[in-house]
Amino acid sequence: RSVKRLSDYQPPGFTIDSTDLTFELDATHTVVTAVLELRRLDPQLTELSLDGQQLQLLSLHYNDKLLAANEFDCTSQQLRLKVTEDTFRLTIRTQINPLANTALEGLYYANGSFCSQCEAEGFRRITYYLDRPDVLSVFRTTIIADTAHYPYLLSNGNKVEQRKLDNGQTLVCWQDPFPKPSYLFALVAGDFDLLRGDYQTRSGRMVALDFFVEKGQGGKAAFALDALKRSMRWDEQRFGLEYDLDTYMVVAVDFFNMGAMENKGLNVFNSKYVLVSEDTATDTDFFNVESIIGHEYFHNWTGNRVTCRDWFQLSLKEGLTVFRDQEFSRDMGSATVNRIHAVQVIRTAQFAEDASPMAHPIRPQQVMEMNNFYTVTVYDKGAEVIRMLHTLLGEAGFQAGMRLYFERHDGQAVTCDDFVQAMQDANHYDLSAFRLWYQQSGTPELTMQRHYEPQQQRLTLRLNQRTAATADQPDKAALVLPVRYQLLDESGNKSGLFVMQEHNETLVFDGVSAQALPVMLEDFSAPVRLKHDYSEQELLRIAMEASNGFARWDALQSCWMLWLDQAMHQNNDFRLPDAFFELYQQLLKLPLDDKALTAELLKVPEYHVFAENFQQIPVDAILSAIHSFRQQISQRLAPELKACYQQHSVVAVEYNEMNVGIRALKNRCLDYLALHGQPAETLLLQQYNSASNMTDKLAVLSACLHSAHPAFFGLMQQFATEWQHDVLVLDKWFSLHAAQPSAQVFEQITLLCQHPKFSWQNPNRVRAVFHAFAMQNPGQFHRMDGRGYQLLTDTLLKLDPINPQVSARLVTPLLSWQRFDLERQALMKAALHRLSAQPGISDDLYEKVSKALA
Ligand code: DPP
Ligand code: ZN
């Protein structure tokens with residue numbers, strides 16, 4: 001198995017000026033004819049090597065000459081031939097089997113439609129090609145298919161021809177004027193509902209917006225269509241970027257490995273990120289649709305117009321585009337809650353990845369299977385790195401950098417360094433030390449110690465940064481850390497930005513009182529772990545007094561860690577302090593204007609939040625402490641919880657910031673009230689039966705789940721009957737079953753896998769069951785008898801031959817075996833050995849398992 005290294009990058013020896021593709025579609029025997037106009041860039045080269053995978057070569061022409069089998073070399077991975085001219089044409093006919101393509105990479109056939117996914121290296125499963133992002137070509141795509149079954153034949157760009165053939169087939173031809181790498185190619189053929197809209201750009205051009213979704217679901221795309229218009233407007237206003245084609249198409253499919261894909265002019269989406277209506281989707285689903293619609297749209301400039309030179313640069317487009325979609329979401333809803341959620345992703349999933357055998361910098365240095373590097377590090381930590389640039393340069397400076405970036409690189413395939421250079425040059429700001437963020441992995445730990453001198457009224461903060469070794473890199477250097485702070489003081493609050501560069505630095509405040517309290521790392525201004533010496537009392541003071549909502553939430557998070565620690569040392573005799581109940585009481589009686597933030601403040605952190613603070617994770621102690629915290633809150637604050645619930649129980653159904661916040665608050669109360677057992681039943685049933693929206697229905701089910709309420713099973717049955725026709729809703733039901741914190745979950749999962757709507761071929765179904773089990777059911781997954789690990793391992797062995805991308809994602813929780821007690825370590829390791837012993841295990845899974853066992 002081969003590993004590719006960034007340091008081995010070589011520019012392409014040939015390029016492809018134009019790519020003319022013809023698809024004769026058939027579920028099992030699709031014939032692809034590729035006419036490629038090639039040009040030699042390196043005159044020394046005498047051999048051309050094209051990438052290919054699982055292709056059956058039918059014929060190969062060099063210019064007009066049909067080549068005989070001995071005139072080229074065709075292996076399972078490559079097509080090689082001698083080349084004598086500087087420009088020449090290759091005509092390659094291949095046959096592929098889309099129906100057999102359960103990996104869902106390249107061209108596949110599922111649910112009666114053809115669909116493609118080419119990022120990162122899927123195009124080589126369609127035809128032999130220079131399948132690398134720095135080969136940009138102008139594409140023309142002709143699709144021929146049976147008219148009755150496939151009335152819509154779609155590809156990138158503008159439709160230039162459509163005609164009926166006399167054999168019941170239709171031919172459609174698409175031309176994309178923008179040169180693009182093969183990973184942005186797309187083809188879709190099928191029968192859909194079409195929802196149409198349009199958008200006038202700021203320069204006055206009309207753009208047709210077409211959403212293609214499963215038959216009968218057209219109405220559920222209206223919100224996504226509006227979200228697209230909002231994204232287009234927002235990108236014009238905030239970034240000055242306008243759409244560049246006459247049509248923007250979005251296709252929603254149920255069989256899809258990822259969330260969505262930004263193919264030029266023809267986005268393909270996982271249907272769960274397009275299809276929403278109040279009765280079938282939760283507020284979180286609506287949020288995700290808007291954010292992902294935005295994300296893929298924003299890629300049109302950051303990803304498509306300027307793309308990546310090689311796949312090691314993935315964060316160039318993903319980190320930047322996540323930053324952009326986060327800023328968009330922040331402008332559309334509660335800025336504070338959005339930031340809290342983004343920070344939670346970093347503190348749980350990303351910190352966990354840094355601590356795992358898969359640790360890598362946002363620009364990885366070596367890769368076996370590229371699909372394994374679409375990670376929370378590349379995406380979300382990558383976005384934090386962009387956010388730090390934004391913090392250092394300010395909005396105006398950052399936008400100046402963006403303009404220079406596009407001025408220099410529009411139409412090119414570039415590197416992360418090119419991006420930073422544009423930011424540097426536009427601002428005359430030396431970013432040489434900052435660049436280390438791109439090559440160093442790991443989570444920096446920032447320690448703050450306070451020292452107060454009463455005579456001088458001087459507060460000194462001693463700051464130290466240290467990054468522990470990671471699996472991929474032993475030695476770490478000091479990073480540039482933008483530290484935003486606020487000093488809470490009677491004499492007035494001071495805030496500012498301190499840019500830390502060295503391992504040890506001091507920050508001095510003069511003329512401040514002994515009570516002055518520094519709030520560090522406001523808004524999580526750098527992706528680090530902050531170690532501080534605040535007392536519980538001080539943290540609660542920040543939680544009550546800070547003007548910044550994020551700082552209040554963050555202080556409470558630190559409190560929870562203190563209390564967990566105390567609970568662990570007092571065998572759960574620990575009682576939460578009165579001052580805490582006073583704070584909660586106040587929030588319940590007088591919620592903040594931002595109700596969604598209030599609901600966040602009222603939440604006991606989840607297992608993963610607590611777990612990430614430990615090198616060795618005390619699974620059982622965390623779970624029992626969470627249980628005890630929730631019990632204490634529900635008992636001590638019962639009247640306030642009821643009153644707050646009652647006060648917010650009537651909410652208009654429409655998805656908007658206010659309604660979402662009220663629902664979040666009400667359902668947070670419900671979650672605690674459900675712990676009251678039988679007396680809560682009326683309340684639960686009442687909300688379930690009267691709910692006009694999925695958020696409120698699902699909130700009842702999950703409250704029952706969290707509190708092990710006996711109403712759970714009856715309601716789950718009712719829910720299944722109501723929603724058996726809607727797979728996206730059923731996915732929620734699958735996940736709730738799989739998250740059930742009792743041993744019954746094992747039989748339940750067996751039953752779920754026999755459900756008529758379950759399919760091992762469908763990633764959404766598989767994830768609904770097994771991602772929920774492995775990630776949202778820590779008690780059963782980490783059982784001491786190993787049954788949880790065994791179930792996941794059996795699943796992976798079954799899944800890997802079907803869809804390696806999905807199996808390699810699901811294996812994640814097993815990789816971090818070193819972070820558990822010795823008994824669990826042994827069980828998890830045995831599971832990993834079982835996987836590695838499996839003959840024919842995919843590169844995707846092998847790369848992760850072998851690193852975990854190294
Ligand atoms: N490039 C896609 C996205 O992040 C993932 N394949 O939008
Ligand atoms: Zn993306």
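The values are calculated or read from the model by the stated rules, or taken from the named source; none is laboratory data. Only a predicted model underlies this, so the values are computations on that prediction, with no experimental measurement involved. Neighbour counts are summed over all protein chains in view; Cβ atoms, including those assigned to glycine, are modelled from backbone coordinates with ideal geometry.
Within the stretch 486-493, can one find any residue that is under 17 Å from MET388 (Cβ atoms) and outside any loop (DSSP other than H, G, I, E, B)?
Taking the stretch 486-493 first, the residues under 17 Å from MET388 (Cβ atoms) are none.
Within the stretch 486-493, none of the residues are under 17 Å from MET388 (Cβ atoms) and outside any loop (DSSP other than H, G, I, E, B).
Of the residues ASN288, ASN300, only one is within 14 Å of ligand 1 (Cβ to nearest atom) and surrounded by fewer than 24 Cβ atoms within 10 Å (Cβ to Cβ); which?
Of ASN288, ASN300, the one residue that is within 14 Å of ligand 1 (Cβ to nearest atom) and surrounded by fewer than 24 Cβ atoms within 10 Å (Cβ to Cβ) is ASN288.
Regarding the stretch 304-311, can at least one residue be identified that is buried (at least 24 other Cβ atoms within 10 Å of the Cβ) and more than 30 Å from LEU530 (Cβ to Cβ)? Write out each step before concluding.
Going residue by residue through the stretch 304-311, those that are buried (at least 24 other Cβ atoms within 10 Å of the Cβ) are 307.
Then keep just the ones that are more than 30 Å from LEU530 (Cβ to Cβ); that gives 307.
The answer is yes; a qualifying residue exists.
May I ask you to verify whether ARG202 is more than 26 Å from LEU136 (Cβ to Cβ) and either in a loop (DSSP other than H, G, I, E, B) or not assigned by TED's automatic domain parsing to the domain that holds SER116 (or both)?
Values: more than 26 Å from LEU136 (Cβ to Cβ): yes; either in a loop (DSSP other than H, G, I, E, B) or not assigned by TED's automatic domain parsing to the domain that holds SER116 (or both): yes.
Criteria met by ARG202.
Of the residues in the stretch 219-260, how many are within 15 Å of ligand 1 (Cβ to nearest atom) and touching a Lys or Arg at 6+ places or on another chain (Cβ under 6 Å)?
0
Have a look at THR84, THR75 and point out the one that is modelled with pLDDT under 95, among the polar types (S, T, N, Q), exposed (fewer than 12 other Cβ atoms within 10 Å of the Cβ) and touching a Ser or Thr at 6+ places or on another chain (Cβ under 8 Å).
Working: THR75 fails: touching a Ser or Thr at 6+ places or on another chain (Cβ under 8 Å).
On inspection, the qualifying residue turns out to be THR84.
Quick check: anything in the stretch 568-581 crowded, with 20+ Cβ neighbours inside 10 Å, under 20 Å from LEU675 (Cβ atoms), over 27 Å from the mean Cα position of the chain (by Cα) and not small (Gly, Ala, Ser)?
To start, the set of residues in the stretch 568-581 that are crowded, with 20+ Cβ neighbours inside 10 Å comprises 580.
Still in the running and under 20 Å from LEU675 (Cβ atoms): 580.
Adding the requirement that they be over 27 Å from the mean Cα position of the chain (by Cα) leaves 580.
Within this subset, residues satisfying the condition of being not small (Gly, Ala, Ser) are 580.
Yes, there is a match, as at least one residue in the stretch 568-581 is crowded, with 20+ Cβ neighbours inside 10 Å, under 20 Å from LEU675 (Cβ atoms), over 27 Å from the mean Cα position of the chain (by Cα) and not small (Gly, Ala, Ser).
Is it fair to say LEU107 is outside the structural domain of GLN761 (by TED's automatic domain parsing), touching a Gly at 6+ places or on another chain (Cβ under 9 Å), of a type in the set (A, V, I, L, M, F, W, C) and not in a loop (DSSP other than H, G, I, E, B)?
Values: outside the structural domain of GLN761 (by TED's automatic domain parsing): yes; touching a Gly at 6+ places or on another chain (Cβ under 9 Å): yes; of a type in the set (A, V, I, L, M, F, W, C): yes; not in a loop (DSSP other than H, G, I, E, B): yes.
Taking the combined requirement at face value, the residue satisfies it.
Kindly provide the set of residues from the stretch 325-345 that are farther than 19 Å from MET658 by Cβ and either in the same structural domain as ARG132 (by TED's automatic domain parsing) or polar (S, T, N, Q) (or both), ordered by number.
Residues satisfying the conditions are GLN326, GLN344.
Please tell me if VAL322 is within 16 Å of ligand 2 (Cβ to nearest atom), under 24 Å from TYR405 (Cα atoms) and not assigned by TED's automatic domain parsing to the domain that holds SER231.
Details: within 16 Å of ligand 2 (Cβ to nearest atom): yes; under 24 Å from TYR405 (Cα atoms): yes; not assigned by TED's automatic domain parsing to the domain that holds SER231: yes.
Considered against the rule, which asks whether it is within 16 Å of ligand 2 (Cβ to nearest atom), under 24 Å from TYR405 (Cα atoms) and not assigned by TED's automatic domain parsing to the domain that holds SER231, VAL322 comes out as yes.
Would you say ARG40 is among the charged types (D, E, K, R) and either modelled with pLDDT under 95 or crowded, with 16+ Cβ neighbours inside 10 Å (or both)? Show your work before the answer.
Working: among the charged types (D, E, K, R): yes; either modelled with pLDDT under 95 or crowded, with 16+ Cβ neighbours inside 10 Å (or both): yes.
So ARG40 passes the test.
Cβ-Cβ below 9 Å, separation at least six or inter-chain, first residue in the stretch 162-178 and not assigned by TED's automatic domain parsing to the domain that holds ASP246, second surrounded by 14 or more Cβ atoms within 10 Å (Cβ to Cβ) and outside any loop (DSSP other than H, G, I, E, B): which pairs?
Correct list of pairs: empty, since none qualify.
Out of the stretch 112-149, which residues are in a loop (DSSP other than H, G, I, E, B) and touching an Asp or Glu at 6+ places or on another chain (Cβ under 6 Å)? Spell out the reasoning first.
Of the stretch 112-149, the ones in a loop (DSSP other than H, G, I, E, B) are 112, 118-122, 126-128, 130-136, 147-149.
Once the filter is applied, which keeps residues that are in a loop (DSSP other than H, G, I, E, B) and touching an Asp or Glu at 6+ places or on another chain (Cβ under 6 Å), the stretch 112-149 yields GLU121, GLY122, ASP131.
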